[in-house]
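Worksheet: one structure, shown below.
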Amino acid sequence: MTNSSWTPGVVPGRLPAEAYALNFADLHPPLDPHEAAVAADRCYFCHDAPCITACPTSIDIPLFIRQISTGTPEAAARTIFEQNILGGMCARVCPTETLCEEACVREAAEGKPVEIGRLQRYATDTLMKAGVHPFTRGPATGKRVAVVGAGPAGLSCAHRLAMLGHDVTIVEAKEKPGGLNEYGIASYKTVEGFAQAEVAWLMQIGGIELRNGVALGRDVTLDELADSYDAVFLGIGLPGAYDIAGVAGNGIGSAVEFIRTLRQSTDLSGLPIGRNVVVIGGGMTAIDAAVQSRLLGAENVAVVYRRGRERMAASPYEQELAASKGVRLVFNAQPVAAHHGADGALEAVEFAYVADTPEGLRETGETIRLPADQVHVAIGQWLEPLGDALADVELDGTKLAVFEGGKVAPFGNVWAGGDCAAGGEDLTVTAVAEGRDAAMSIHAALSAA
Amino acid sequence: MADLRTEFAGIASPNPFWLASAPPTDKAYNVVRAFRAGWGGVVWKTLGEEGPPVVNVNGPRYGAVWGADRRLLGLNNIELITDRPLEVNLREIKEVKRDWPDRAMVVSLMVPCEEQAWKAILPLVEETGADGIELNFGCPHGMSERGMGSAVGQVPEYIEMVTRWCKQTTRMPVIVKLTPNITDIRKPARAAKAGGADAVSLINTINSITSVDLDSFAPEPTIDGKGSHGGYCGPAVKPIALSMVSEIARDAETAGMPISGIGGVTTWRDAAEFLTLGAGNVQVCTAAMTYGFKVVQEMISGLSEWMDRKGFASVAEVSGRAVPNVTDWQHLNLNYVTKARIDQDLCIKCGRCYAACEDTSHQAIAMKPGRVFEVIDAECVACNLCVNVCPVEDCITMERLAPGSVDPRTGRTVQPDYANWTTHPNNPAATAAE
Ligand SMILES: Cc1cc2nc3c(=O)[nH]c(=O)nc-3n(C[C@H](O)[C@H](O)[C@H](O)COP(=O)(O)OP(=O)(O)OC[C@H]3O[C@@H](n4cnc5c(N)ncnc54)[C@H](O)[C@@H]3O)c2cc1C
Ligand SMILES: Cc1cc2nc3c(=O)[nH]c(=O)nc-3n(C[C@H](O)[C@H](O)[C@H](O)COP(=O)(O)O)c2cc1C
Ligand code: SF4
């Protein structure tokens, strides 16, 4: 190790070799059987349980927890997978503190919800480790469906369609399936190559052909797909990242790009990271980029958000996680300029303080300069890279407008779900729910035809 | 602080908490540590006749029933009486009594149902300086197959006969320990009294199979693929024991006979409940086996706290307090009308009351938008199920409808006077109320 957290500039290997594995280990280690039994015993088996309502995929949580507590985690896993085939990933990445666990009545009773996420992981891990795929395909329907994008939305849709007997072809622009499960989610939430293992497990259903490296718009058009398949599902996510006018140049990049590189790196000690890192944004991506920068050995990491703490999309839990890792949170400041030195290297970013008024954000006139060798911009993603591949599709704001069952207009046989579709939060679990529901809608349409 | 000293059937002890005859009292090593921890007395693990001692199984002897978080609710055992030589036990009993003169030392006995056998062992026990004996007519497994234990306890005539032999032979107070494996507990209690017993103690363990191993298809505890019914004890048996204690306390023939309450005593509260239903002291086994001897300290502090709060100066003042309030169903006041009330501030919205009432009771709870649960008085029969399934203490309570108000379920005005089934018009055998 030649570098340390104090080495100036953007350099690799700031930490001793053994520190990386430790830093990027499982954020929430799996429960062992005893811990699972104790955690499961706390569930009250509520009537019409609020946690089920709070789960975008409506997993029957009290039932699966009871199945764990009676010693049948495999049955519990089946209960989970019936509603959410990516229940394994969701158990790791869902912000449960704003979903099921927030709704848990024991949160109201004692401020300590049942650990639903970790119990879900216990159940799903048990079945997946046994290599068991709990579903079989229904009788073949002879119908063919194209799914664009192998992210959570596409995978969930494809699995449900295959289960119902349809033949599915997934076209995926990237080399690997998984979408943001593979390229976006923070490393410490999904360790040991879980994203790929999960896809392989899911594919055991059969009847799904995965074509990697095929991009809608570049290699195939939507019209071609709509013509040659009985139905098409768009689960393309939001492939482009917004940038900030005036804050560009050396050292400045998108947070999702930084995370993608990190997730694909086989040797984290080879990954260059700044001594002073600034992340601009207020969501989960901003927090993930900031925390992982610290874990790579950056000395100072700040997340700068233009509004107040209460407006931050990252939950209080995520904010606390960032704080516990030594990330500084700066509120009510928006970037106005990047300052580079004579050698072209980034030196600082200048922010203007802003007041959040009913008329919008107003600069107060005061500015600060944060030293920075590296900036990760995390102010959101959009559909931009698709160019005119979706030119014909009706939009709702910047996303695809969806109608009953997830259909897009004006096509008769095209559906969409996940981040690319309007409505719902941009979460893995929401993408899974929308993919599944679109599959049911497609199935109904194809069965009627 | 309340005075916990008790005198039970002439035997004095510093508090009413005795260890029941069982593994905790099988040797001096245990009993000495129990006394150090604060136990008021012990009933030594049951002794058998002279000669080679019984042998126990060499595999598991306990089975269990657990509640949430693996809390032990019920324990069963297939253990026999002491498997140590008689002389060893007698020597230790003598030593311990000599060293701990203020503690109650009662010796449990079980020998064949022959006069000679009983008359032979009593002088040996007397010689130890023990305070009394307890006749084990309760053990439901193993010993009963040999014509002892519950095989005697289930035949009132044998109880009376053996009790009489003992009373004729010894100066020591005789406590007769009853088996619950019988239809009417008053019969053996009356027999004990008729034989001259100074007291009864109950309950011994209940015939039980706690579980079946679903791989080997054998009952637990399993010995080489087979299992036998065992004796059930622990918190799960307390309700049965309380009821039996109260029946003996209420029975005109046995009223006033000292009762040592046994079965599931785990906290001071359990002990207080036994006392109010007529027990003069309590004996504890499973709680000590689960948590160790130290539990007695909570029992002592809890009971004296409670007695202070209530203004009771002695255990005797507590004993039997609830007996007059134990009655037959036919004497319960049918004009006492209550309705369930849900405290919305305490409610955590789990909906268990709703599921229980809707699915299995009287459809008397409405689930309103926002998961607000409210009792529909016109349907509520006041069964108490919602109270029992609610996880939050005191969130649902039963409140009495004031006499003069109308019960929306029946449309009738609540009457101020007392009226029971014996006078009810629906009762074909009713006697006119007027
Ligand atoms: C950094 C980061 C961290 C996150 N952390 C969490 C978290 O902890 N918990 C959580 O619940 N959510 C998290 N999210 C959000 C979550 O990852 C997304 O909501 C979810 O992945 C959306 O699924 P999707 O299938 O709609 O899109 P994606 O996962 O984006 O998948 C879309 C797929 O379509 C492919 N594709 C795109 N364009 C084309 C094309 N033209 N042709 C063919 N294929 C194409 C992509 O390569 C990709 O594989 C995070 C997001 C980011 C960016
Ligand atoms: C392992 C075990 C052995 C027992 N052995 C005896 C015994 O030898 N003599 C006896 O009178 N009762 C025996 N009992 C019964 C207890 O004394 C007591 O009556 C019963 O356990 C109920 O009390 P508890 O619920 O506090 O355990 C035994 C109980 C257990 C658990
Ligand atoms: S007391 Fe019984 S009938 Fe009344 S609300 Fe409760 S459960 Fe229903």
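The values are calculated or read from the model by the stated rules, or taken from the named source; none is laboratory data. Nothing here was measured: the structure is a model prediction, and the numbers come from that model. Every residue, glycine among them, receives a Cβ derived from its backbone with ideal geometry; neighbour counts consider all protein chains shown. Areas reflect the complete protein model, heavy atoms only, side chains present, ligands, DNA and RNA absent. Shrake-Rupley method; radii C 1.70, N 1.55, O 1.52, S 1.80 Å.
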Using +1 on the beta carbon of Lys and Arg, -1 on that of Asp and Glu, and nothing else charged, what's the dipole of the protein assembly as shown about the Cα centre, debye to 20?
-> 1960
Hand me the GluC sites (Glu not before Pro) from the stretch A:181-255 located in a DSSP loop with no more than 16 other Cβ atoms within 10 Å, in residue order please.
-> A:Glu192
Computed helical MRE - 222 nm, chain B, DSSP H runs ≥ 4 contributing -39500 (n - 2.57), nearest 500 = -8500 deg cm²/dmol
Of every Cα-Cα pair in the stretch A:241-377, the percentage lying beyond 22 Å is 34
Across chain B: Cys residues that no other cysteine approaches within a C-beta distance under 4.7 Å | B:Cys113, B:Cys139, B:Cys166, B:Cys233, B:Cys285, B:Cys347, B:Cys357, B:Cys380, B:Cys383, B:Cys390, B:Cys395
Where chain B is the region considered: accessible area per residue in Å², 1.4 Å probe | 46
For B:His362, solvent-accessible area (1.4 Å; no DNA, RNA or ligand), Å² = 80
Are there chymotrypsin sites (Phe, Trp or Tyr not before Pro) in the stretch B:208-283 that DSSP puts in a loop and that have at most 16 other Cβ atoms within 10 Å, and which ones?
-> B:Phe217
Backbone HN-Hα couplings from phi across the stretch A:388-394 [Karplus 6.51/-1.76/1.60, Hz, Gly and Pro as x] | 9, 4, 10, 3, 7, 7, 5
State, to one decimal in nm, how far the label point of A:Asp343 lies from the label point of A:Val191, with both points 7 Å from Cα in the Cβ direction.
-> 3.7
For A:Lys189, counting only lysines whose alpha-carbon sits under 21 Å away and dropping same-chain residues fewer than eight positions off, the answer is A:Lys129, A:Lys176, A:Lys325
Write out the trypsin sites (Lys or Arg not before Pro) in the stretch A:213-275 meeting two conditions: DSSP loop, and at most 16 other Cβ atoms within 10 Å of their Cβ.
-> A:Arg218
Accessible-area composition of the stretch B:351-407, carbon plus sulfur, in percent [1.4 Å probe] = 51
Specify, per residue and in Å³, the volume enclosed by the convex hull of the alpha carbon atoms belonging to chain A.
-> 159
Determine which lysines satisfy two conditions relative to B:Lys119: a Cα distance under 17 Å, and not lying fewer than 8 residues away in the same chain.
-> B:Lys167
In chain A, with Lys and Arg counted as +1 and Asp and Glu as -1 at Cβ, which of these residues, A:Cys90, A:Pro29, A:Ile252, has the Cα nearest the positive end of the dipole, that is, farthest along it?
-> A:Pro29
Not counting the cut sites, what is the longest span of chain B without trypsin sites (Lys or Arg not before Pro) that DSSP labels loop and that have at most 13 other Cβ atoms within 10 Å?
-> B:295-434
Sequence-separation-based contact order of the stretch A:241-377, relative, with Cα cut under 8 Å and 6+ spacing, percent = 29
Selected from A:Leu295, B:Trp66, A:Asn181, residue furthest toward positive end of dipole (the protein assembly as shown; charges at beta carbon) | B:Trp66
The relative contact order of the stretch B:6-325, taking Cα pairs under 8 Å that sit 6 or more residues apart, comes to a percentage of 18
Note on chain A: contact order normalised by length, alpha-carbon pairs under 8 Å, 6 or more apart, percent, works out to 18
Total formal charge among the other residues, if their Cβ is under 14 angstrom from that of A:Arg369, Lys/Arg +1 and Asp/Glu -1 = -4
Over chain A, what is the percentage of antiparallel beta bridges among all DSSP beta bridges, to the nearest 5?
-> 40
About its Cα centre, what dipole magnitude does the stretch B:113-219 give when the only charges are +1 on Lys and Arg Cβ and -1 on Asp and Glu Cβ, stated in debye to the nearest 20?
-> 460
Projected onto their principal axes, the Cα atoms of the protein assembly as shown stretch, largest extent first, over whole-Å spans of 111, 75, 61
Anything losing 10 Å² or more of accessible area from the isolated chain to the full protein assembly: pick those residues out of the stretch A:36-52, probe 1.4 Å, ligands and DNA/RNA ignored.
-> A:Val38, A:Asp41, A:Tyr44, A:Cys46, A:His47, A:Asp48, A:Pro50
Counting only DSSP beta bridges with both partners in the stretch B:196-310, the antiparallel fraction in percent, to the nearest 5, comes to 55
Label point 7 Å beyond Cα of B:Trp66 along Cβ direction - residues of the stretch A:48-75 with amide nitrogen under 14 Å = A:68-72
Compute the distance in nm between two label points, each set 7 Å from the Cα along the Cα-to-Cβ direction, one at A:Ala323 and one at B:Arg400.
-> 5.3
Where the only charges are on Cβ atoms (+1 Lys, Arg; -1 Asp, Glu), what is the dipole of chain A about its Cα centre, to the nearest 20 debye?
-> 660
Cut-off 15 Å (backbone N to label point 7 Å along Cα→Cβ of B:Val392), residues of the stretch B:362-385 | B:368, B:370-375
Cross-link reach from B:Lys339 to aspartates and glutamates, straight Cα distance under 19 Å and at least 8 residues apart if same chain, gives B:Glu358, B:Asp359, B:Glu374, B:Asp377, B:Glu379, B:Glu393, B:Asp394, B:Glu399, B:Asp407, B:Asp417
Could I have the simple spin-label model distance between B:Arg269 and A:Thr136, label points 7 Å from Cα toward Cβ, reported in nm to one decimal?
-> 5.3
Helix-only [θ] at 222 nm, chain A, -39500 (n - 2.57) per DSSP H run of 4+, per residue, nearest 500, equals -10000 deg cm²/dmol
Keeping the other protein chains in place, figure out the carbon and sulfur percent of the accessible area of the stretch B:159-261, with a 1.4 Å probe.
-> 52
Principal axis dimensions, the stretch B:329-433 - Cα atoms, whole angstrom, descending = 50, 25, 22
Nearest-0.05 FRET efficiency for B:Val54 and B:Arg5 at R0 = 51 Å, using Cβ-Cβ distance, is 0.90
At the nearest 100 Å², what buried accessible area, both sides summed, do you get for A and B when the probe is 1.4 Å?
-> 900
At a probe size of 1.4 Å, how large is the accessible area of A:Leu27, to the nearest 10 Å²?
-> 50
Give the residue from B:Ala355, B:Pro428, B:Cys380 lying farthest towards the positive end of the charge dipole for the stretch B:329-433; charges sit on Cβ (+1 for Lys and Arg, -1 for Asp and Glu) and the dipole is referred to the Cα centre.
-> B:Pro428
Which FRET efficiency value, to the nearest 0.05, is calculated for B:Asp102 and B:Gln330 with the Förster distance at 41 angstrom and r the Cβ-Cβ distance?
-> 0.30
How much accessible surface area, in Å² rounded to 10, belongs to the heavy atoms of B:Val88 with a 1.4 Å probe?
-> 40
What is the Cα coordinate range of chain B on the first, second and third principal axes, sorted by size from largest, in whole angstrom?
-> 73, 57, 47
Report, for the protein assembly as shown, the % of DSSP beta bridges that are antiparallel, rounded to 5.
-> 45
Computed FRET efficiency, Cβ-Cβ of A:Ala248 and A:Lys112, R0 41 Å: what is it to the nearest 0.05?
-> 0.35
